[in-house]
1. In the range 481-500, which residue that is assigned to a helix (DSSP H, G or I) and out of contact with any Ser or Thr (no Cβ under 8 Å at 6 or more places or on another chain) is surrounded by the fewest Cβ atoms within 10 Å (Cβ to Cβ)?
2. Hey, could you check the range 95-150 for residues that are farther than 26 Å from residue 179 by Cβ and polar (S, T, N, Q) and say which is surrounded by the fewest Cβ atoms within 10 Å (Cβ to Cβ)?
3. Kindly evaluate residue 452 against the criterion of being farther than 27 Å from residue 307 by Cβ, at pLDDT 95 or above, of a type in the set (Gly, Ala, Ser) and in the same structural domain as residue 554 (by TED's automatic domain parsing).
4. For the range 532-550, which residues satisfy the criterion of being modelled with pLDDT under 95 and either among the aliphatic types (A, V, I, L, M) or buried (at least 24 other Cβ atoms within 10 Å of the Cβ) (or both)?
5. Return the residues of the range 512-531 that are over 25 Å from the mean Cα position of the chain (by Cα) and either surrounded by 24 or more Cβ atoms within 10 Å (Cβ to Cβ) or assigned to a helix (DSSP H, G or I) (or both); say none if nothing qualifies.
6. Of the residues that sit in the range 163-187 and are surrounded by fewer than 19 Cβ atoms within 10 Å (Cβ to Cβ) and among the hydrophobic types (A, V, I, L, M, F, W, C), which one is farthest from residue 214 (Cα to Cα)?
7. Search the range 582-599 for residues being among the β-branched types (Val, Ile, Thr) and outside any helix (DSSP H, G or I), and hand back the single one that is modelled with the lowest pLDDT.
8. Quick check on the range 409-431. Is at least one of its residues within 24 Å of residue 636 (Cβ to Cβ) and hydroxyl-bearing (Ser, Thr, Tyr)?
Amino acid sequence: MTTPQTVPYGSWQSPITSDLIVAGSLRLGEMRLDSGDDQGSLYWLEGRPTEGGRNVLVKRSPDGTTTDLTPPGFNVRTRVHEYGGGAYIVHNGTVYFSNFADQRLYRQSPGKAPIALTPEYPNAGMRYADAVMDTKRHRLICIREDHTGEGEAVNTVVAVPLTDQEGVMATQTVLASGHDFYSSPRLSPDGRQLAWITWDHPDMPWDGTELWLADVDEAGAIANVQKIAGSRTESIFQPEWSPDGVLYFVSDRTDWWNLYRYVDHSIEAVCPKSGEFGLPHWVFRMSTYGFESANSLICTYGENGVRHLVRIHPRTLAMSEIKTPYTSIGGLQVGPGMMLFGGGAPTTPGCIVALDLGTEKIEVLQQSSALKIDPAYLSVPEVVEFPTENGLTAFGYYYAPTNPDYVAPEGKKPPLLVKIHGGPTAATGSTLSLRMQYWTSRGIAILDVDYGGSTGYGRAYRERLKGNWGVVDVDDCVNGATYLVEQGKADGDRLMIDGGSAGGYTTLATLAFRDTFKAGASFYGVSDAEALAQETHKFESRYLDSLIGPYPEEKAIYVERSPIHAVDQLSCPVIFFQGDEDKIVPPNQAEMMVDVLKQKGLPVAYVLYEGEQHGFRKAENIKRTLDGELYFYSKVFGFDLADDIEPLEIWNLDG
């Protein structure tokens, strides 16, 4: 056994390099089963950084062979709500998908090239998502987002006929309209009823939504529309029909997202718990449950920080645990005798998993990372609960520096990088992330914070951020870092913070309004809340009404909470990473902040990526971001790097 070398934190040589991370990494998601008779094939999407972030649909056949279905030139991704999701379905082996470049719907029959089902519009002006097959009427029912008119985009539920003649675009029929947002159209097994979810400005789907039910006649028209659940203070998630025609859904009417069903014009609780069966509806087609049969419902939920996978008998409501090695379970797709899901654990990267529900045998079909790392180099996260303002408690994961080849000089504490998830209505997790291990294996500790406002802890925890964005989240990040310093797990003089999107806002607000942190990094983060309220896309255009207050009525609070107006209070170095095609947080947000920091004489760096949007998908840019942030901190704190990293320009470094 080799004796570890004594080397300062931050200067450790790591086998987890940025080149290896991007070369072997995939974004996995959108698992699907065939909604028709081909029950043996399994499908999922792979986002491939080495192909410019293109989403490729992959098929796993019953004989075990895996095939890419998406031909070059196509990218399975929808831009409805900008965040997308629900980009494809498969029925009897035929794929129906949205293509990213033109946002048209395509049909791809087995062994054939994709054929467009919808007309082309300038600027990809008509977008589609979250489709279901209406076999009886030979059509798709889906969400359509119309950007062809003046003003705000118009969202509706539409029927798209499946014409057999190539090049013929049949007239689409609007089935439901009048609300600002629609999602989750779900057709009953007999095709006679349709359910869907709506919500309206200024609410977000985790604030308040409504579940609707209508009859569908033989010609496909809907009638007898009625609201059966939901309100501005109740969030509905994932309506689904059981095989015997009972409508199930998730609601947070009791503070927790629990499972319910609609039977004989009344709502029944299926599994009451102080746990979360639902998720924040950022993208379409999120799934936490499904039906093996009319007598077996499979679902996942989180309770007290533990993720469970269970079987529920719909008649008796008896529940039994299904054991797996995963701490993260999502995207459930359930069929007769089997299920498909995304799994992960602290020492297991995210993966696509097939589970035999009879034998409970697990087969891993694909992993998000092909990189094989000795577990000795992996930092296993520790759940931390720490005191925060008003006598409350907040949560996070602490990752200690871990590398068997090195120890730090005696008496030294590690630098700490506090990571802020986006959303802000979202949550972090414990699945192995090599981007986290990139830091810890070099001797830098991590605190991944679930600040007040995060999901997974009930509605009351989620609503701590209402009217308090830029206050509660900032307090929790500061208190989390301070707690670890007091516990002897971090060096209080080398505290760093980073975050993307909404996490970038919290990062910049923490740096501007507090003096706890000594450096930070913003990835496509918000610096001007007022500009975001004025410029962002429809889905989030009123999000800040609840997070800060109605605009322009509360303009003074927007200015007060915006880091761009508090640069005079900012006294530490910052690096910004930004995509030039970002429609959610436009580049001018970062550029305004950079210009002011330059003028103030603070060390600042700015990296703008051509062709990137809200989040970086290209391999070279993911690599540059990881290495660039590390390089920046090494220059700020004066530690040597074991890696040969391409320098980047830092203004005012010598000042």
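The values are calculated or read from the model by the stated rules, or taken from the named source; none is laboratory data. Keep in mind that this is a model prediction, so the values were computed, not measured. Every residue, glycine as well, gets a Cβ built from its backbone with ideal geometry; the counts of neighbours run over all protein chains shown.
1. Among those residues, the one meeting the criterion is 486.
2. By that ranking, first place goes to 109.
3. Values: farther than 27 Å from residue 307 by Cβ: no; at pLDDT 95 or above: yes; of a type in the set (Gly, Ala, Ser): yes; in the same structural domain as residue 554 (by TED's automatic domain parsing): yes.
No: the conditions fail for residue 452.
4. Hits for the range 532-550 are 532, 533.
5. Of everything in the range 512-531, those that are over 25 Å from the mean Cα position of the chain (by Cα) and either surrounded by 24 or more Cβ atoms within 10 Å (Cβ to Cβ) or assigned to a helix (DSSP H, G or I) (or both) turn out to be 512, 513.
6. Step by step, filter the range 163-187, then rank; the result is 168.
7. Residue satisfying both the conditions and the ranking: 584.
8. no
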